Every structure is written in C-alpha cells, then in structure tokens.
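One structure is given below, encoded as structure tokens.
The values are calculated or read from the model by the stated rules, or taken from the named source; none is laboratory data. The model shown is predicted, which means the values in this text are computed figures rather than measured ones. When we count neighbours, we look across all protein chains shown, and the Cβ atoms used for this are built from the backbone with ideal geometry, even at glycine. What goes into the accessible areas is simple: the full protein's heavy atoms, side chains included, and nothing from ligands, DNA or RNA. Shrake-Rupley method; radii C 1.70, N 1.55, O 1.52, S 1.80 Å.
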Amino acid sequence: MPGIDKLPLEETLEDSPQTRSLLGVFEEDTAATSSYFSQLFKAMQRIYDAQNELSAATHLTSRLLKDYEKQRFPLGGDDEVMSSTLQQFAKVIDELSSCHAVLSTQLADAMMFPITQFQERDLREIVILKEVFQISSDDHDTAVNRYSRLSKRKENEKVKNEVMEDVYTSRKKQHETIMHYFASLNMLQYKKKIALLEPLLGYMQAQISFFKLGSENLTQQWEEFLTNIGTSVQNVRREMDSDAEATEQTIQDLKAASDPLYMPDPDPNKIPVNRNLTRKAGYLNTRYKTGLVSSAWERQYFFTQGGNLMSQSRGDVAGGLVMDIDNCSVMAVDCDDRRFCFQITSFDGKKAVILQAESRKDCEEWIATINNISKRIYLSENPEEIAARVNQSALEAVTPSPSFQQRHESFRPSTQGRPKTGRSGKSYQLVENGHPMTPLRKCENVVFQRFWSMFTLQHSLMSLKMFCLFISRLIDPQTQVTRLRFPLSSVVLCASHQENKRLFGFVLKTAGGRVDGRPVTVCYVFESNNDGEKICDSVGLAKQIALHSEMDRKATQKQRGLDKAKEKQQEELHKQKQIEKDLEEQSRLIAASSRPGQPAADGQFLVLSNSQSEDSDAGEEGQKTGESEA
C-alpha cells in the first residue's frame, strides 16, 4: 500500500500558519471520511437489517410449510405427496434459516462491529480532541497577549511571575494537546483503511461461509484474494502498532526537549543567540495606526523569503509582502510601553515597520537575520558560513581599542608621501610633505581624492560594514556600539562624491595636540545606503544649529556677567553712600557734644555708642592737637 501522509509533530510547538493550513487539510479529510463512513454505515445497516429480515422470513416460511398439512383446503387438502414434499422443503428451508441466522450473527460481529466502533470511538475522539485543542489554543493566545502587555517598567514581581507561569502552563497544554491531536489524525489514516477493509472482509467471509456448501468454485475463486486482504489488514495493524509506539516516544522526547521553550523569555545562557541566520520565521507583534495619533498592535506570523519580509495571519492561504529588506537598516528601538521592539527601515527611507519580539533572544536573532539578508548574504553558496564570518568580524570590532588619539596616531605616515587609500570606515591623516595639512582650501581636494580612491577600489559589498550615522555619532546597528563620537564644532568640511552619490566624507580637527603649531586633521570617507548630499546637508544644518546655540549660550553668559558686574557696582555704591551718611551723622554728633552744659532738646541727653564715643574722643583730641600746633 502507498505511504501514509502525516502531520509533523516537530512543528507543533511553533504552530505556524503553514502547519495550521496542513492541519486544515487533515481536518477536511476527516470530515469527508466521517461523511463517507456515515453513508457506508447506513448501507451496511440496511444489509444487516435485510439479512435479519431474510432470516426471519425464511424461518416464517419454514414454519408455514410445516403447517401446510394442518390446513383445511376445500380442494386437494388430502394431497400427501404435496405435504411430504413441503415438509422436505420446510426442513431444508429451516436449515437454511439456521444458516441465515448464523450469517446475521457473523455480519453483526465481522461487518457492523468494526464500522460502528470506528464511528463511535475513533471519529468521536477526533471531534473531542479538536474541541480541546481549540480551547487550549484560545487560552494560549490570551496568555500571550496578556504577557505582551506587560510594562517594561518595574512592576510587581508577583504579577509578572503569575503571567509568565500562565504562559508556561497554557503553552505546555497547547503543545501536548496539539501533539495528541496530530497523533490521532495520523493514526486515523491507518484506522480509516482498517475500518474500510475489515467490514468488507467480514461480509465476504460470512457470505462465503454461507454459500460454501454449494459454491466451491466461488470459494476457490475468491479465497486467494480474501487471503491477501486478510494478510494486508494484519500488516497494517502491525505497522499501526509500531508507529503508535514510535509516536508516543517522539511525544515524550519533544516534551522533554521543548520544556525550556515554553517560557516566553528563556535564559540566554541556556539557549544562546544565533547571529548566523539567513532565514527566520515566528510570531511578532506589529504596530499599525488606528487614527491620527492612536495605534494598536496585532500578532502575526512573519517569515523571510529571499530578500523579502512576509507576514501571514491565521486562516490565510499564503503570506503577503511586508517590505523589501535588501539594503535596509534595522535597529532596536524604544517604543511606547513595549519591550523587545525593533524597527526596519527600507532602502529609500520611505517605509518603516516597528515590530515586537517575544523575548530578547528572539529580538536579537531577528535583527541579526535581517542584517544578514540586507547584506545579500543569502545569495551566496554558503550563506550561514559567510554570516558567521561577518558576525565574527563585527564582534571583533566591538573589542576595546586604544584611545581616539592613539588610533589615529597609528595611521600617521612616518615618511613623506601621499596618504594611503582604503575602504569605507577607515581614517586618514591629511598630510602634505610629511606635515599635517590644516588649510580649508586643501581639505576639499583631499576628500575628493579619497572619493576617487573609494570609487576605483574593486571590493565586494560583503566586506563593508553597515553603520547608522547620527549627528555627532556613528553607531553600529547590529551591536548598538558607538564607533565614533565627535563635537560638531570640530567638523571642518563635509562633502559628497560628484559621481557616486552614496559616497560622502568629512574632515575633523582632532582633540589631540599640535604638530609644528598646527592642529592634526582627520578625513573620514563612508559609503551610505542614502543620498550623501542629504547627509552632508543634515550635518551642515546641525552644525549651524549648534553654532547658533553656542552663540546664544555665550551671549547669555556674557549678559549674566554684565548683570553681575552691574549688581556688584550697585552694591558698592550703596555701601559708599551708607558710609558717607554715617560720617555726616558722626560729625553732627561731635558738633553737638562740643557744647558743654547744653542738654539735648526737651531736656533729653544724647547717648552715644562705643564706636561713636571713640570717634568723638578721637575728634576732640585731634581738635586740641590742631589748636596747640596753631
């Protein structure tokens, strides 16, 4: 017999739309099988009922023939030959009635029992498992949605543990249910054949046994065929028993191996991140707009197909194109109140998609996979090997390196000559006759010379590193490591290539010392997936904004200094006026005290403080000294 189509138990945990579609085919086959066997059962029930009716009718005929002699017919009632003949017929028919009764019993055991058991036990089991699977799938979706809505802010650990335990329990229950459901559907393919052949075999054997005395030729004709059918049924039964044992063992192995995968955010130490993937599929939450400022999230199944990102909802026959991810950019982002989010931006920057993964490991693998696809690694013969080599280079690039000044000092030539050329992302010293070159009019020529060197180099795109250029920062989107940071005030020149618009470069004044009284200048040349002129315009605009901001800051500081000086001057002037006022008051008091015997107005005496008394004494002594000198 041909092979049996089976549902893959290994893909039950992933529960992809493709698996669901295949499950739908098996469910349609089960429904068609149930409908067909229902009609077949009715037909065989009619045979069984007819056989019982035939047996009863034969027995009734035999009894009536026996009662013939008891009848009183007006004519020919005394015909003994007829009565004897009918008695012989009654005896034969009575024996035939007994054979029909045995045939009815054989049909009940060999024909009706297998098909009845298949309908009431096997098909009913499939219906019950389908209902249990649907309930467990809905519970799992509810638990996953509740887990996805967990805030990334620090919450009650008890609530978080309850949600994660709920996801673990529902996912485990769904996995076990779908495995048993798939196993039952697989076993149904065997049982269907057995349930179809066994009743027919029982029917034919009962009929042959019934007609065996008078149908030797018929028995010889069908005996070999029926023997072969009986042998095939036994072989199918043995194969079913063997497959059932293997299926049970597979279920146990998958349960043991899948236990760590039930957790939504597994430990990365136990399940490391694979950064060498060129294909990936799984469920992600995608954000879509529901209004001008409002948005919502939807859980869909995403998968990569060549250089395209596809999505597929449950119930869909095929996936739809989300965007072309060749030469795209991808990076982790902070989005709303969701964790593990990343954004994919198309080559032209006109389309961006924000997705949320289920775990940090899943998020990093999606970012690494899309980066590998963006570099067109999937077009090579050994994509995983090339991806591993590229990612190893990226990891080595993250290794701590010497300081900024030391890294650029290593590129300074020790002899006279022209600067070296290299690939994008390298730095060059601008020198002329062995000395650093600082005049602005010479920087543009050197940048364009670097452009021409880049344009004439014959190198593969695979060897280039992808970076995200922010204002005053250069970030590796795969490792999120800042490769270069510089103040905007140090940018001397920024220009793009005249022929290849994807090449751009800029000149920086380093923060290090000077050589022969002149500052050291460094040139950077890059290849971008966007228009270089736009990047240069953005850098220039940022430089202008920074310049105006710096000017405003200095003006504000200068105004604050002037306000402080003016305030200090006002305080000194106030102190000077207070001193003059005190001196006038002291002079008046001294003049009043120089008139003896004159009390103060209204009979009051003037009381002086210690300092005023000392000043008065000093004034009198000075007056006496002046009189003596005169």
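In region 153-163, the count of residues that are touching a residue at least 60 places away in the same chain (Cβ under 8 Å), in the same structural domain as Leu22 (by the TED database) and part of a helix (DSSP H, G or I) is zero.
From the list Ser104, Ser84, the one residue that fits, being in a helix (DSSP H, G or I) and open to solvent by less than 40 Å² (accessible area, probe 1.4 Å), is Ser104. If you go through region 359-384 and pick out every residue that is outside any helix (DSSP H, G or I) and either of a type in the set (S, T, N, Q) or at pLDDT 90 or above (or both), you end up with 3. Among the residues of region 307-351, just one is at positive phi, crowded, with 16+ Cβ neighbours inside 10 Å and modelled with pLDDT under 85, namely Asn327. Determine whether Glu131 is part of a helix (DSSP H, G or I), of a type in the set (Asp, Glu), on the phi < 0 side of the Ramachandran plot and under 41 Å from the mean Cα position of the chain (by Cα). It is true that Glu131 is part of a helix (DSSP H, G or I), of a type in the set (Asp, Glu), on the phi < 0 side of the Ramachandran plot and under 41 Å from the mean Cα position of the chain (by Cα). In region 154-187, of all residues being touching a Phe, Trp or Tyr at 6+ places or on another chain (Cβ under 8 Å) and either farther than 30 Å from Asp5 by Cβ or among the polar types (S, T, N, Q) (or both), the one that is surrounded by the most Cβ atoms within 10 Å (Cβ to Cβ) corresponds to Gln174.
Determine whether Thr304 is open to solvent by less than 30 Å² (accessible area, probe 1.4 Å) and closer than 17 Å to Asn372 by Cβ. Taking the combined requirement at face value, the residue satisfies it. Among the conditions (1) buried (at least 17 other Cβ atoms within 10 Å of the Cβ); (2) of a type outside the set (A, V, I, L, M, F, W, C); (3) closer than 27 Å to Met263 by Cβ, the only one that Tyr190 does not satisfy is (3). List every residue pair whose Cβ atoms lie under 8 Å apart, where the two residues are 6 or more positions apart in sequence or sit on different chains, the first residue falls within region 46-75 and is within 29 Å of Gln106 (Cβ to Cβ), and the second residue, located anywhere, is surrounded by fewer than 17 Cβ atoms within 10 Å (Cβ to Cβ) and among the basic types (Lys, Arg). Every condition considered, the pairs that remain are Ser62/Lys91.
Of Leu196, Leu201, Leu213, all but one fail to be of a type in the set (A, V, I, L, M, F, W, C), at pLDDT below 80 and either in the same structural domain as Ile115 (by the TED database) or within 41 Å of the chain's Cα centre (by Cα) (or both); the exception is Leu213.
Beta carbons closer than 7 Å, at least 6 apart along the sequence or on distinct chains, pair a first residue in region 261-273 that is touching a residue at least 40 places away in the same chain (Cβ under 8 Å) with a second that is in a loop (DSSP other than H, G, I, E, B) for Leu261/Leu13; Pro264/Glu358; Pro264/Ser359; Asp265/Ser359; Pro266/Ser359.
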